[in-house]
Amino acid sequence: MLTESQVATRLPVGDLDRARRFYSEKLGLEPVEERPGGLRYRCGGGYFALFESAGAASGNHTQMAWEVADIESAVASLRARGVVFEKYDLPGLKTVNGIADIEGNYPSKGVGERAAWFKDSEGNLLGLGQPVPR
């Protein structure tokens, strides 16, 4: 049953108007549907929604990510719009100019992945990923 269903991400936001401005101004995204307390966005063949919540995003793990064809270009474009990328210098994970090279991630897509992360206006940790082909 679930293998035939689309997955849709839901992200909590403390201030829906502030989040809407961030997603519009920084990411260039506009909602395709609105309801009281929520916004729905379409990216590629999928959807994600922002919903007003009294809870707070942990910001400790990637909550949603986009797979891009050229991560360096995507990072540069988002930086030009004011997006600030996270910096990591941990064993096995180090960003250089905002981008990390991760070996062995999702072997069905290649030999690894290049990745970058940033937080939205509400503290949700979002990512970009580019598979590294064989």
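Considering only residues that are among the acidic types (Asp, Glu) and either in contact with an Asp or Glu (Cβ under 9 Å, 6 or more places away or on another chain) or part of a strand (DSSP E or B) (or both), which ones fall in the range 17-55? Matches in the range 17-55: GLU33, GLU34, GLU52. Set side by side, the residues ARG81, ARG114 differ, and just one is in contact (Cβ under 8 Å) with a residue 24 or more places away in the chain and either more than 14 Å from the chain's Cα centre (by Cα) or open to solvent by less than 20 Å² (accessible area, probe 1.4 Å) (or both), which is ARG81.
When each of GLY44, GLY38, GLY28, GLY59 is tested for being on the phi > 0 side of the Ramachandran plot and open to solvent by less than 40 Å² (accessible area, probe 1.4 Å), the lone residue that passes is GLY59. Whether a residue is more than 21 Å from PRO133 (Cβ to Cβ) and modelled with pLDDT of 95 or more was assessed, and SER24 passes this test. Screening the candidates VAL75, VAL96, VAL83 for the property of being at pLDDT 95 or above, more than 25 Å from PRO133 (Cα to Cα) and not acidic (Asp, Glu) yields one hit, VAL83. What residue, of VAL96, VAL68, is within 19 Å of TRP117 (Cβ to Cβ) and open to solvent by less than 50 Å² (accessible area, probe 1.4 Å)? Step by step, each of VAL96, VAL68 is checked, and only VAL68 is within 19 Å of TRP117 (Cβ to Cβ) and open to solvent by less than 50 Å² (accessible area, probe 1.4 Å). The set of residues in the range 43-64 that are of a type in the set (A, V, I, L, M) and more than 13 Å from the chain's Cα centre (by Cα) comprises ALA54, ALA56, ALA57.
The values are calculated or read from the model by the stated rules, or taken from the named source; none is laboratory data. Predicted model, so just to flag it, every value in this text is computed and none were measured. Glycine also receives a Cβ, built like all others from the backbone with ideal geometry; neighbour counts cover every protein chain displayed. Please note that ligands, DNA and RNA were not included when accessible areas were found on the heavy atoms of the full protein model with its side chains. Shrake-Rupley method; radii C 1.70, N 1.55, O 1.52, S 1.80 Å.
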